[in-house]
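Each reported figure results from applying straightforward, stated rules to the coordinates on display, with no laboratory input. Just so it is clear, the structure is predicted and the values come from calculations on it, not from any experiment. Cβ: placed from backbone, ideal geometry, glycine included. Neighbour counts: every protein chain shown.
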Amino acid sequence: MLVSLKKVLVEARAKHYAVPAMNVNNMEAVKAIISAAEHMHSPVIIQTSEGAIEYAGIEYLAALIRIAAKGKIPVVMHLDHGKKLEYVKMALAHGYTSVMFDGSALPEKDNIRISTQVVKLAHAKGASVEAEIGAIAGIEDFVSVEEKDAHLTNPEAALDFVKKTGCDALAIAIGTAHGAYKFKGKTHLDLDRLKKIAKLVKLPLVLHGASGVLEDVKELAEKHGAQLGKARGVLDEDIQQAISLGISKINIDTDLRLAFTAGIREAVDDLPQVIDPRKLLEPANLLMREVAMRKMKLFGSAGRVK
Ligand code: G3H
Ligand code: 13P
Ligand code: ZN
């Protein structure tokens, strides 16, 4: 069933687990994720970026997610990183039950002003809003410790932001980055900062850039020609700590991309005679499903749907 973000996340924060938010661009990903959620009895957030909408078209994506939500699993249809109001409005018009407004690159007062406007638009339709304060990037993106610190979420500013905007969930920056190359050297999340934010902000908190770059998937991809050398993700133990401290929505795109493309590489190498795309895509679909199920176990969302 289609539900709002608020509906699944309030329970997740109260019960100390996190709901996986998985990015999709096509039918294969939607089917793999919903099959994983059904098997694991887990609520799930299926999200599309502005890029996914440009690629597949919002009508196709909304229809696919709506079909995935026909069973008893609670499914949130969510816009990921909406940066333009036009996309937020488009998503709401197509029945999305949640939107993210990402004003993290804007001056704080503009981020607050537009996030507040998005909250009004979304709430009028019964949809939820995730907003963001702080810049989600990699430690390597900052030239100095002071600069890094300035881009991570400030706890007092986060409290002020949620009070002023009325958003339902807050994405925070604690040192993760999008993509497969998150850290130079050791992986590190600023869990002390998360602790301070969570003490002040009682809303569900969101962790972006949370893929783990799973060792076995990386190995499979490399066996079939990918070069992932220094790719490095977030450690499972850091994810679990973050959940225990208040993270209730965890965004995963890269791990699914790695699984999908590793499966395709494997099939192309191992099944040279096959010309049926359905057969070539099978290992990719199964690996995405497997990765999605592992996340549901790790995040503690497995078994929450009775
Ligand atoms: O956070 C960004 C997601 O990984 C989506 O990436 O804009 O390439 O679809 P995309
Ligand atoms: P990853 O690139 O770590 O999967 O993060 C995805 C994300 O944050 C989507 O919003
Ligand atoms: Zn993100």
Quick one: is SER42 closer than 25 Å to GLY246 by Cβ, touching a residue at least 12 places away in the same chain (Cβ under 8 Å), of a type in the set (S, T, N, Q) and more than 16 Å from ligand 3 (Cβ to nearest atom)? yes
For ALA21, the lone unmet condition from (1) in contact with a strand residue (DSSP E or B) (Cβ under 8 Å, 6 or more places away or on another chain); (2) within 15 Å of LEU92 (Cα to Cα); (3) of a type outside the set (Phe, Trp, Tyr) is (2)
Search result, residues across segment 44-86 that are away from ligand 1 (no atom under 16 Å from the Cβ), exposed (fewer than 14 other Cβ atoms within 10 Å of the Cβ), assigned to a loop (DSSP other than H, G, I, E, B) and not basic (Lys, Arg): GLY71
For segment 57-68, state whether one or more residues are closer than 23 Å to THR254 by Cα and within 14 Å of ligand 2 (Cβ to nearest atom). no
Please work out if HIS94 is surrounded by fewer than 17 Cβ atoms within 10 Å (Cβ to Cβ), farther than 19 Å from CYS167 by Cα and more than 16 Å from ligand 3 (Cβ to nearest atom). no
Among the candidates GLY185, GLY225, GLY212, GLY134, single out the residue that is closer than 22 Å to ASP255 by Cα and within 16 Å of ligand 3 (Cβ to nearest atom). GLY212
Please work out if HIS178 is within 15 Å of ligand 3 (Cβ to nearest atom), touching a strand residue (DSSP E or B) at 6+ places or on another chain (Cβ under 6 Å), under 20 Å from ASP253 (Cα atoms) and in contact (Cβ under 8 Å) with a residue 12 or more places away in the chain. no
Of all helices (runs of 4 or more DSSP H) fully inside segment 96-188, the set with 2 or more residues that are in contact with a Ser or Thr (Cβ under 8 Å, 6 or more places away or on another chain) is 108-123, 155-165
Scanning segment 238-260 residue by residue, those more than 16 Å from ligand 3 (Cβ to nearest atom), more than 20 Å from LYS196 (Cβ to Cβ) and surrounded by fewer than 24 Cβ atoms within 10 Å (Cβ to Cβ) turn out to be PHE260
Considering segment 224-246 alone, what residues qualify as being more than 16 Å from ligand 1 (Cβ to nearest atom) and either without any contact (Cβ under 8 Å) to a residue 24 or more places away in the chain or of a type in the set (Val, Ile, Thr) (or both)? GLN227, GLY229, GLU237, ILE239, ILE243
Which one of these is closer than 24 Å to SER128 by Cα and surrounded by 15 or more Cβ atoms within 10 Å (Cβ to Cβ): LEU200, LEU207? LEU207
Can you tell me which residue within segment 172-213, out of those that are in contact with an Asp or Glu (Cβ under 6 Å, 6 or more places away or on another chain) and away from ligand 1 (no atom under 16 Å from the Cβ), is nearest to ALA18 (Cα to Cα)? LEU189
